[in-house]
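The following block contains the structure, expressed as structure tokens.
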Amino acid sequence: MKMEKKEKILKVLNEIFRKELNNDSLIIDFLSSPKNIEGWDSVTNLLLISSIEEKFNIQFSIDFIFEAENVGDFCGYILTNSTVEF
């Protein structure tokens, strides 16, 4: 069940990433990170965080923002902290 929810979150995140990175063919997975996604830089990261927070009605902690390494980390945080139903 938990993995199903993470997959649903990943689908939503993929749409956010496509929009913010202006790349309609982008496909992200749990291991996607700034190291392997072209255009995911510090400025784009701020846009991604803002869009994700708005979509999932959450606020990332500063610690999380600096410690998150990949999309899987974002999925886990959203699953644990969002009040949105999946």
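Derivation of every value follows stated rules applied to the coordinates shown; laboratory data play no part. Predicted model, so just to flag it, every value in this text is computed and none were measured. Ideal geometry is used to build each Cβ from the backbone, glycine not excepted, and the neighbour counts take in all protein chains shown.
At S50 and K11, where each label point lies 7 Å from the Cα along Cα→Cβ, what is the point-to-point distance in nanometres?
Going by the 7 Å Cα→Cβ label model, 2.8 nm.
So, one more: When Lys and Arg each count +1 and Asp and Glu each count -1, what net charge do the other residues less than 11 Å away from F86, Cβ to Cβ, add up to? Could you put the intermediate results ahead of the total?
On the way: positive: K2, K5, K6, K8, K11; negative: E4, E7, E85.
Here the charged neighbours net out to +2.
Would you count, across segment 2-81, every pair of lysines whose alpha carbons are under 24 angstrom apart, provided the pair is eight or more residues apart or spans two chains?
For segment 2-81, the number of qualifying lysine pairs is 15.
Compute the normalised compactness of the chain: alpha-carbon radius of gyration over 2.2 N^0.38 Å, N being the residue count.
Values: Rg = 11.8 Å, N = 86, 2.2 N^0.38 = 12.0 Å.
Dividing the Cα radius of gyration by 2.2 N^0.38 Å gives 0.99.
Please report the relative contact order for the chain, taking Cα pairs under 8 Å with a sequence separation of at least 6, and give it as a percent rounded to a whole number. Each step should come with its number before you reach the end.
On the way: 72 pairs, mean separation 32.8, N = 86.
Computed over the chain, the figure is 38 percent.
Work out the FRET efficiency for N57 and K2 from their Cβ-Cβ distance, taking R0 = 22 Å, and round it to the nearest 0.05. Kindly include the intermediate steps, with their values, before the conclusion.
On the way: r = 20 Å, r/R0 = 0.89.
E(calc), rounded to 0.05, equals 0.65.
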